[in-house]
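The values are calculated or read from the model by the stated rules, or taken from the named source; none is laboratory data. Worth saying up front: this structure is predicted, and the values here are computed from it rather than measured. Here the Cβ positions follow ideal geometry from the backbone for every residue, glycine too, while neighbour counts run over all protein chains shown. Surface accessibility is based on the protein's heavy atoms, side chains included, excluding ligands, DNA and RNA. Shrake-Rupley method; radii C 1.70, N 1.55, O 1.52, S 1.80 Å.
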Amino acid sequence: MKPATQVIHAGRHPRQQGEPLASGVTFAGTYAASGDPAKVKYNYGRYHNPTWSAFEQALGELEGGSVLCFASGMAAITAVLDSALQPGDVIVLPEDSYYTARLLADGVFSRMGVTIRKAPTAENRQLSLIHGARLLWLETPSNPGLAVCDVAAAVEAAHRHGTLVAVDNTTATVLGQNPVAFGADFSVSSDTKALTGHSDLVLGHVAVRDKKWNEKLQAFRNLTGAIPGPMEVWLAHRSLGTLEMRLERQTRNALALAEYLRTRDDVAAVRYPGLPDDPAYAIAVQQMRFFGPVLTFTLRNQELAERFLANCKLVVEATSFGGLHTTAERRGRWGGDKVPDGFIRVSVGCEDAADIVADFAAALDAV
Ligand SMILES: *Cc1c(COP(=O)(O)O)cnc(C)c1O
């Protein structure tokens, strides 16, 4: 089945006469469960929920692996690090990855005796550090720098060294690229972003090739209670049906906007993996089915960037990405990323491309 069909049908019950096509959300703290709890499919709300099961099954079909959902992308990342790493182990992180993931590794896992090595995403530079490492953590395209690495090549090299590979696949989503199909042991996603795409929930998931990791991750989730609310998961499953349409539109719009920004002398360093002369393009075009909603560019300084954002009318100044609405922010306002003061990250939405380009044009002209 093609991805556009899969996202609509994955994880849905067989149709039954007189039953709703779309099953509703199950709210449950506990379940009727007498006798040996191991013999009852659902017994307590922290362990399982039919709404999670349906969403996990849907994602599992798309990922080609076993899936567990978590309270947030960060909870999913924590679950993988905790399951894969012991004191004394080495992890190789991208130095340009999502800032909070680096904070978590540096702040929590290094305190627990894990050694952290970091190298840039571009040109698979992390591979120079994998000797003796337990886990190679990739993020491609990286957020916010949009550097891309070759996942299949990284997996091949890492596995030769006995190193596990996890990919933070948030920016691309499973339809944009499939790390499990490239051999990665873990594919991790913040579903707060493009996967659900409506800016109305916080959620994450992990997909694994080998079921034994699924059990470890499940134990972590049971023990820590890093569980999502059923309503969020139901909304996420509902949103999944339009994922292919959203990505298709976002990618088309992002390319149109990137090409427009390229024509302006007041805009520098436009980055989008889908631009044929972008440094990321050669690998991106091989491993990605959609280039995704995120592009970046740089204005001369902080003040110009702030004035530009204030001038936007359609485009909302907001963090995060992957939603239906086009948003933009000056990334430097958060600290933590090595980016210029005038660096702007844009999440291109599903509006008409002409309206998006016109809003950027007017806001830049007014600066
Ligand atoms: C947002 C994000 C996360 C964290 O996800 P939350 O759902 O906010 O916890 C992790 N990785 C990347 C690449 C992200 O963009």
**Asked** Out of segment 170-189, which residues are of a type in the set (G, A, S) and part of a strand (DSSP E or B)?
**Response** S187, S189
**Message:** When the residues of segment 191-212 are narrowed to those that are outside any loop (DSSP other than H, G, I, E, B) and open to solvent by less than 70 Å² (accessible area, probe 1.4 Å), which ends up nearest to the ligand (Cβ to nearest atom)?
**Reply:** G204
**Asked** Consider D150 against the criteria (1) more than 17 Å from Y99 (Cβ to Cβ); (2) within 15 Å of the ligand (Cβ to nearest atom): it satisfies all of them except one. Which criterion is unmet?
**Response** (2)
**Fill in**
Of the candidates E232, E215, E248, the one satisfying the condition of being more than 11 Å from the chain's Cα centre (by Cα), within 14 Å of the ligand (Cβ to nearest atom) and of a type outside the set (A, V, I, L, M) is E232
**Asked** Can you tell me which residues in segment 42-60 are open to solvent by 20 Å² or more (accessible area, probe 1.4 Å), of a type in the set (G, A, S) and assigned to a loop (DSSP other than H, G, I, E, B)?
**Response** none
**Fill in**
Here the residues within segment 98-113 that are buried (at least 20 other Cβ atoms within 10 Å of the Cβ) and either away from the ligand (no atom under 16 Å from the Cβ) or assigned to a loop (DSSP other than H, G, I, E, B) (or both) are Y98
**Item:** Any chance S34 is closer than 24 Å to K193 by Cα and hydroxyl-bearing (S, T, Y)
**Value:** no
**Request:** Would you mind telling me which numbered condition in (1) at pLDDT 95 or above; (2) open to solvent by 30 Å² or more (accessible area, probe 1.4 Å); (3) in a helix (DSSP H, G or I) A32 fails?
**Result:** (3)
**Asked** Of the residues that sit in segment 223-249 and are assigned to a loop (DSSP other than H, G, I, E, B) and out of contact with any helix residue (DSSP H, G or I) (no Cβ under 9 Å at 6 or more places or on another chain), which one is nearest to A28 (Cα to Cα)?
**Response** G229
**Message:** What's the number of the only condition in (1) open to solvent by less than 40 Å² (accessible area, probe 1.4 Å); (2) over 28 Å from F290 (Cβ atoms); (3) more than 16 Å from the ligand (Cβ to nearest atom) that K39 fails to meet?
**Reply:** (1)
**Request:** Run down E63, E139, E95 and say which single residue is surrounded by fewer than 20 Cβ atoms within 10 Å (Cβ to Cβ), at pLDDT 95 or above and under 21 Å from the mean Cα position of the chain (by Cα).
**Result:** E95
**Request:** Answer with yes or no whether D82 is free of Cβ contacts under 8 Å to residues at least 12 places away in the same chain and open to solvent by 30 Å² or more (accessible area, probe 1.4 Å).
**Result:** no
**Request:** Quick one: count up the residues across segment 152-169 that are assigned to a loop (DSSP other than H, G, I, E, B) and open to solvent by 10 Å² or more (accessible area, probe 1.4 Å).
**Result:** 2
